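The values are calculated or read from the model by the stated rules, or taken from the named source; none is laboratory data. Predicted model only: the values in this text are computed from it and were never measured. A quick note on method: Cβ atoms are made from the backbone with ideal geometry, for glycine too, and the neighbour counts reach across all protein chains shown.
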Ligand code: GLU
Ligand code: ZN
């Protein structure tokens, strides 16, 4: 097979939401899996709605996801000459005609079709009319009236459309400015795109585009239309990928989650990006629609966080700690240890930062949760903590294992159970009754802070 060339062709009129990211990811995976090229085309011909800000946001989101593109991005607005040339060609070949119908006339035709309970298809009434330079017009491409257009879609299977259902297509306005179905064909052909992979919402455009390829004498690419994503509400459509970054998702988890919206590999749920590249095949894309489930995405994020080395986790968590006011370096050894103690439970990096923050607040300003204090820092508990604190003062090997042994021995001597000590100590050290294991906490906090916080608890917080 010759080199596979695919493209992602966003219109820069908004953010890159999960649906757009899924289209980009599937194209990228197919290119990387086959050793082909992943191209980026910014469809910015709608000058009113396109913005540079949106272009930048889309590119940043693709970069964050690791969906790097090959070759220079193509801006559709720079290709106007090629679009005009293609139109000239179709005019010269008499494949297009001027349609002078006014919006009111088109409305009347639509209403009549409705009244007769048939789907409205423009009836070609302007075809063959003589030129009238006094009237505005659009260019219509004449579709064949007989036979059918067959698309062998790599995902949806064979899709046959009777040509009588194909309306003579408006491809350009009177000033020659061309419309989507026309330019997409010209640009895909010019970029040598071999596989058009996009959302199923474009499936009905495909037979029209196939007719245009043929009229222009261009090679028709392969098509693969991805199943729709259910539950992609208006709110979720306006949430760009950067909002998931801010919520503390990792790019691997987002890629993993959106890959599973329409693609599967047995019942495996978790994939690294490298595994996705290795395993992805267009033929395994399902026809069935996938439904969004953000809880599942969060669960996957947790799985990916668990697999990270604590050093990596710390470097990911540091910016989130900075955001909540801690001046901390990503290679801070205490941060690395702290991350390791909460790694199993953190669902997002925001959550992780919240879970480790108690380690980094100054001892004197640690906040205590009222209900934990009430329940666990009773007078009796505080007098026990006082003894624990005195005992710990003499511990010189401040490590998890030795702290465990010392506290164990202390309990035996004082005829106490570990549980009499564990929860009050945890509250004293963290401010709350939930958190990592007690000896991990002590070890990570260090001797000075551990003693200071026990002291605060003893005195009454
Ligand atoms: N700009 C179009 C869109 O965002 C591209 C469609 C296509 O891939 O052909 O829907
Ligand atoms: Zn007309």
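For the stretch 81-101, indicate whether the set of residues that are exposed (fewer than 11 other Cβ atoms within 10 Å of the Cβ), under 43 Å from the mean Cα position of the chain (by Cα) and within 16 Å of ligand 2 (Cβ to nearest atom) is non-empty.
No; the residues of the stretch 81-101 include none that is exposed (fewer than 11 other Cβ atoms within 10 Å of the Cβ), under 43 Å from the mean Cα position of the chain (by Cα) and within 16 Å of ligand 2 (Cβ to nearest atom).
Say we look at the stretch 102-127 and pick out the residues that are under 21 Å from residue 212 (Cβ atoms) and within 11 Å of ligand 2 (Cβ to nearest atom); which of these is surrounded by the fewest Cβ atoms within 10 Å (Cβ to Cβ)?
Across the stretch 102-127, the extreme among qualifying residues is 123.
For the stretch 404-455, give me each residue that is loosely packed, with under 15 Cβ neighbours inside 10 Å, within 20 Å of residue 333 (Cβ to Cβ) and under 42 Å from the mean Cα position of the chain (by Cα).
437, 446
Could you list, in sequence order, the residues of the stretch 15-68 that are free of Cβ contacts under 8 Å to residues at least 60 places away in the same chain, part of a helix (DSSP H, G or I) and touching a strand residue (DSSP E or B) at 6+ places or on another chain (Cβ under 6 Å)?
Correct list: 24, 28, 31, 55.
Among the residues of the stretch 173-186 satisfying the criterion of being modelled with pLDDT of 95 or more and surrounded by 21 or more Cβ atoms within 10 Å (Cβ to Cβ), which is nearest to residue 9 (Cα to Cα)?
In this case the residue turns out to be 184.
Listed here are the residues, each with its yes/no results for (1) modelled with pLDDT of 95 or more; (2) surrounded by 19 or more Cβ atoms within 10 Å (Cβ to Cβ); (3) farther than 26 Å from residue 459 by Cα.
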residue	(1), (2), (3)
327	yes, no, yes
349	yes, yes, yes
367	yes, no, no
379	yes, no, no
384	yes, yes, no
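Residues that are touching a helix residue (DSSP H, G or I) at 6+ places or on another chain (Cβ under 6 Å), within 16 Å of ligand 1 (Cβ to nearest atom) and closer than 15 Å to residue 172 by Cβ: does the stretch 83-104 have at least one?
Yes: one or more hits.
Could you list, in sequence order, all residues of the stretch 167-219 that are closer than 14 Å to residue 151 by Cα, more than 15 Å from ligand 1 (Cβ to nearest atom) and either in contact with a strand residue (DSSP E or B) (Cβ under 9 Å, 6 or more places away or on another chain) or in a helix (DSSP H, G or I) (or both)?
211, 214
Any residue at all in the stretch 233-253 that's over 30 Å from residue 323 (Cα atoms) and not in a helix (DSSP H, G or I)?
No; the residues of the stretch 233-253 include none that is over 30 Å from residue 323 (Cα atoms) and not in a helix (DSSP H, G or I).
Select from the stretch 1-14 the residues that are within 12 Å of ligand 1 (Cβ to nearest atom) and free of Cβ contacts under 8 Å to residues at least 40 places away in the same chain and list them in ascending order.
Within the stretch 1-14, just 11 meets the criteria.
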